[in-house]
Amino acid sequence: MITLYGYPQSRSFRVLWMLEELGVDYHYEVVDLLAGEGGQAMYQQINAGGKVPAIKEGDFVLTESAAICTWLGDKFPEKNLLPVAGSDERARYNEWCYFILSELEQPLWTLGKHSFVLPETLRVPAIKETALWEFAKAVDVLEKRLSDQIYAINDRFSAADILIAHTLRWADAFGVPVKCGNLIDYRDRMLARAACKAASMRDRRAKESMES
Ligand SMILES: N[C@@H](CCC(=O)N[C@@H](CS)C(=O)NCC(=O)O)C(=O)O
């Protein structure tokens, strides 16, 4: 059985969504980050950085949301959620992953960290202007590349769409929603998928059980 270590409304949602797309059995183990469980010895054995998501199957443990989605896609090739390793499409998938994590998510996360994540004494308010400028540049690239596409890679849904749509949903939550009509349509189309809704429900239930 696959165990996903996650926290509601965090990057672990990417893996939840992927698992729901795959339709495989999994156990969702909430690591209560706000209660400091990420720093506890038991979880540090799973992820030395104390972060989520992480995934475990038998003795195998993997961290990093994009790496986990890729591992899952390769593990269940019959579900067609990843282009085949070695193909041009797989290179395109890798390109998307690096772009999303280093160009699109990075300025958004900088914005979040210096607005509400870091302890107040570590926040540098002036950095937000730079982060907004960098994020707008990355969104501009996204608009150009996705403007007339149904999916990120050719005509098939893939894990790349999960990573992009989840990051765009974060942008909404961080108060910098995308404004381009095509991009909004793309994001909403991805978020309307049954597996995304199922993952949202699972995440909501996890949040409710943590609060009760
Ligand atoms: N690059 C990592 C980032 C993981 C990450 O920063 N996770 C956040 C939640 S979204 C976390 O666990 N933060 C707790 C902490 O920094 O201690 C990934 O994509 O998985």
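Working carefully through the options LYS179, LYS207, find the one that is farther than 22 Å from CYS97 by Cβ, not in a helix (DSSP H, G or I) and not β-branched (Val, Ile, Thr). Steps first, answer last, please.
Details: LYS207 fails: not in a helix (DSSP H, G or I).
Of the residues listed, the single one that is farther than 22 Å from CYS97 by Cβ, not in a helix (DSSP H, G or I) and not β-branched (Val, Ile, Thr) is LYS179.
From the list MET201, MET190, which residue is within 29 Å of ARG92 (Cβ to Cβ) and at pLDDT 95 or above?
Numbers: MET201 fails: within 29 Å of ARG92 (Cβ to Cβ).
After ruling out the rest, the residue left standing is MET190.
From the residues in the range 26-85 that are of a type in the set (Val, Ile, Thr) and near the ligand (Cβ under 10 Å from one of its atoms), which one is surrounded by the most Cβ atoms within 10 Å (Cβ to Cβ)? Even if it seems obvious, please write down each step before you answer.
The first filter runs over the range 26-85 and keeps only residues of a type in the set (Val, Ile, Thr), leaving 30-31, 46, 52, 55, 61, 63, 68, 70, 84.
Checking which are near the ligand (Cβ under 10 Å from one of its atoms) leaves us with 31, 52, 63, 68.
Working: VAL31: 23, VAL52: 27, THR63: 16, ILE68: 23.
Taking the candidates together, the pick is VAL52.
Can you name the residue in the range 86-122 that is closer than 22 Å to GLU134 by Cβ and among the charged types (D, E, K, R) and is also farthest from the ligand (Cβ to nearest atom) among such residues? Full working, then the answer.
Let us first name the residues in the range 86-122 that are closer than 22 Å to GLU134 by Cβ, namely 94-118, 122.
Now restrict to residues that are among the charged types (D, E, K, R): 95, 103, 105, 113.
Numbers: GLU95: 17, GLU103: 14, GLU105: 8, LYS113: 9 Å.
Ranking the qualifying residues of the range 86-122, first place goes to GLU95.
Has the range 146-153 got any residue that is surrounded by 12 or more Cβ atoms within 10 Å (Cβ to Cβ) and part of a helix (DSSP H, G or I)?
To start, the set of residues in the range 146-153 that are surrounded by 12 or more Cβ atoms within 10 Å (Cβ to Cβ) comprises 146-147, 149-153.
Going one step further and asking which of them are part of a helix (DSSP H, G or I), we end up with 146.
Yes: one or more hits.
Which one of these is modelled with pLDDT under 95 and loosely packed, with under 14 Cβ neighbours inside 10 Å: VAL178, VAL141, VAL117, VAL124? Spell out how you get there, then give the answer.
Values: VAL178 fails: loosely packed, with under 14 Cβ neighbours inside 10 Å; VAL141 fails: modelled with pLDDT under 95; VAL124 fails: modelled with pLDDT under 95.
Exactly one of VAL178, VAL141, VAL117, VAL124 is modelled with pLDDT under 95 and loosely packed, with under 14 Cβ neighbours inside 10 Å, namely VAL117.
When the range 3-25 is examined, which residues are found to be touching a Lys or Arg at 6+ places or on another chain (Cβ under 8 Å) and more than 16 Å from the ligand (Cβ to nearest atom)?
GLU20, GLU21, LEU22, GLY23
The values are calculated or read from the model by the stated rules, or taken from the named source; none is laboratory data. Predicted model only: the values in this text are computed from it and were never measured. Backbone-built Cβ (ideal geometry, glycine too); neighbour counts: all protein chains shown.
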